[in-house]
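A quick write-up on the structure given underneath.
Each value in this text was obtained by applying a stated rule to the coordinates, not by laboratory testing. What you are looking at is a predicted structure, and each value in this text was computed from that prediction instead of being measured. For neighbour counting, all protein chains shown are included, and Cβ atoms are generated from backbone atoms with ideal geometry for every residue, glycine included.
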Amino acid sequence: MSISRRPSTVLAVRALLLLGLSAVPALAQDTAQPASQPVGQPAFAPQPVTYASAADAAAAAQKFADEARRTYPRGSANIDQALWTQAAAAAEAAVLAEPGNADYLKLRAQIYTEVGFWRQAEVTWAAYFKVVPAVPGSRDAQQAGLAQYNLGYSAYVRNQPDLAARYFAECLNFDPQSAQCAGWAARTALEGGDYARAQTLYGQAIALTPNDKTLVYFRGLAQKAADYGPVATGAFSRAYADLDAGRKDQALAGFQAAARSAPNFIEAWRQAGKLALEIGNAQAALEAYQGVIALPGADATDKFNLALAQEGAQYGLDAVRIFRAAYGKYTAGDRTAAENGFQQATAQNPNYAKAWAWLGRTRYEAKNYAGAAEAYGRAVALDPNDKSSAYYLRLAQQGK
């Protein structure tokens, strides 16, 4: 970008800027991740800067910015870094001297955008567009849209959905081809109960990124949302965002709340069950899959997971998973690995009768009758009604 050099009197400037809240790490997989920056950053207050002219100040701002890009790791730009602080202060000095200079206004806005100082980026792009009207979809408008996106995400995580929706809508005004803003605008519409708008916006986002399965998933949810109601739908969407952000306990609570609010919400039950199994909460998984099985649409995977949860609630999910892996080895013909797995399952939970029974079987088939008798004996002691184990226990004791 060329910076015009215009003479001016000596400038002595103190640029005092209040830092706006910026976005925290991302939630949903249906959009690009917002830039990471802590909320509640202290005020940015550069030291006084003196330049001979506005043009000199702008040139210094460009010089500091270029040096910052060479000095700091790629993607780490932050207003607290000394060179970026100097770049911003110099840009402020240039604009203060010549408030109507479009080049200086743009340079300042670009610096704040690059360092992720989103509130100031919003303000400075607005100042630039008063001089040079925004062209939707242009490079400048896209950068202004990025600031709106990050401010929208920050509002979303602060549970200010109306404010977030306004930011995402403004992002789309600047950048109609932004799939991330269309996706988040759709999400806020969905959580706000405006299901028709949510479907339209999800359709727009999908047209921009047709391979995004999460967008397709949520468009389907928007189409069914009226059957579940805004409370359940909002809780589900928030839970999904928590899951994407790694807040698994919060996500589980959200999916559970959605399912309990709308017991016909099969996906809420299913997501709660999958997540509960993942984090090792067998009782929560059992409740969730019981909710799934009670509804039309339950499939073989749901039934499998229900059985896993039932057994896991009794013996512990770790023991059950070890047992099932060993059973898979057995059916694949790897009896040695199967025996080791069954033995690990019994060590994980010594009261796991079925694991003892299968340990007995693998030993019996290997003609390890003493070992088989030991394992079958434990199985029968734990489950006196296990007639098969009792039968093979007698054979193993007889060595045949």
Problem set entry | Proximal charge balance of Y364 [Cβ under 12 Å; K/R count +1, D/E count -1] | +3
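How much FRET efficiency would the formula 1/(1 + (r/R0)^6) give for R158 and A347, where r is the Cβ-Cβ distance and R0 is 60 Å, rounded to 0.05? If you can, show how the numbers build up before the last one.
Numbers: r = 48 Å, r/R0 = 0.80.
For R158 and A347, the calculated efficiency is 0.80.
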Exercise. So what's the gap between the Cα centers of the stretch 133-147 and the stretch 295-348, to the nearest angstrom?
Worked result: 54
For this session: Rank-order 347-354, 234-241 by packing density, defined as the average count of other C-beta atoms within 10 Å over each peptide's residues, highest first.
Result: 234-241, 347-354
Exercise. Size of the dipole of the chain about the Cα centre, Lys and Arg at +1 and Asp and Glu at -1 on the beta carbon, nothing else charged, in debye to 20?
Worked result: 820
Problem set entry | Relative contact order (%) - criterion: Cα under 8 Å, at least six apart; region: the chain | 9
Seminar exercise, completed: Computed over all unlike Cα pairs, the Kirkwood hydrodynamic radius of the stretch 205-338 in Å stands at 16.0
For this session: Report the net charge of residues surrounding R70, where surrounding means a beta-carbon distance below 14 angstrom and charges are Lys +1, Arg +1, Asp -1, Glu -1.
Result: 0
Exercise. If you average the sequence gap of Cα pairs under 8 Å that are 6 or more apart and divide by the length of the stretch 241-315, what percent do you get for the contact order?
Worked result: 23
For this session: Obtain the radius of gyration and the Kirkwood radius of the stretch 317-397 from its C-alpha atoms and give Rg over Rh.
Result: 0.95
Exercise. How large is the convex hull of the Cα atoms of the chain per residue, expressed in Å³ as a whole number?
Worked result: 172
Seminar exercise, completed: Tilt, helix 118-131 to longest principal axis of the chain (alpha-carbon atoms), in degrees rounded to tens, equals 40
Problem set entry | Nearest-0.05 FRET efficiency for A52 and Q283, computed from C-beta distance (R0 56 Å) | 0.15
Problem set entry | For the chain, with +1 on Lys and Arg beta carbons and -1 on Asp and Glu, the positive-most of A379, S76, L215 along the dipole | A379
Exercise. Residues with beta-carbon under 11 Å from that of L317, excluding L317: net charge, scoring Lys, Arg +1 and Asp, Glu -1?
Worked result: -1
Problem set entry | Tail beyond 24 Å, pair distance distribution of the stretch 134-228 (Cα, percent) | 16
For this session: Compare the Cα positions of Q199, Y128, F342 along the charge dipole of the chain (+1 at Cβ of Lys, Arg; -1 at Cβ of Asp, Glu; about the Cα centre) and return the one farthest towards the positive end.
Result: F342
Seminar exercise, completed: Expressed in nanometres to one decimal, the distance between label points 7 Å along Cα→Cβ at V131 and Y391 is 9.1
Exercise. If you put +1 on each Lys and Arg Cβ and -1 on each Asp and Glu Cβ, how big is the dipole of the stretch 289-362 around its Cα centre, in Debye rounded to 20?
Worked result: 180
Exercise. Over the stretch 89-220, what is the mean sequence separation of C-alpha contacts under 8 Å (at least six apart), divided by residue count, expressed as relative contact order in percent?
Worked result: 15
Exercise. Expressed as a fraction of 2.2 N^0.38 Å, the rule-of-thumb size for a compact globular protein of N residues, what is the C-alpha radius of gyration of the stretch 93-159?
Worked result: 1.12
Seminar exercise, completed: If the chain between I293 and D334 were fully extended at 0.36 nm per residue, the gain over the current Cα-Cα distance would be 11.4 nm
For this session: Can you give me the P(r) profile for the stretch 136-189? Cα pairs, bins 5 angstrom wide beginning at 0, each as a whole percent.
Result: 5, 29, 34, 20, 9, 3, 0
Seminar exercise, completed: Ranking A87, Y240, A189 by how far each Cα lies towards the positive end of the charge dipole of the chain (+1 on Lys and Arg Cβ, -1 on Asp and Glu Cβ), the top one is Y240
For this session: Give the share of C-alpha pairs in each 10 angstrom bin for the stretch 246-318, from 0 to the last occupied bin, in whole percents, shortest bins first.
Result: 24, 54, 21, 0
For this session: Would you work out the charge dipole size for the stretch 134-228 about its Cα centre, treating the Cβ of every Lys and Arg as +1 and the Cβ of every Asp and Glu as -1, and quote it to the nearest 20 debye?
Result: 140
For this session: Using only Cα atoms, find the angle between the long axis of helix 335-348 and the longest principal axis of the chain, and express it within 0 to 90 degrees, rounded to the nearest 10.
Result: 80
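Grab the DSSP H runs of the chain that are 4 residues or longer, score each as -39,500 (n - 2.57), total them, divide by all residues and round the 222 nm result to the nearest 500 deg cm²/dmol.
Mean residue ellipticity at 222 nm (helix-derived): -22500 deg cm²/dmol.
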Exercise. Using Cα atoms only, what is the angle between the long axis of helix 54-71 and the major principal axis of the chain, expressed in degrees (0 to 90) to the nearest 10?
Worked result: 20
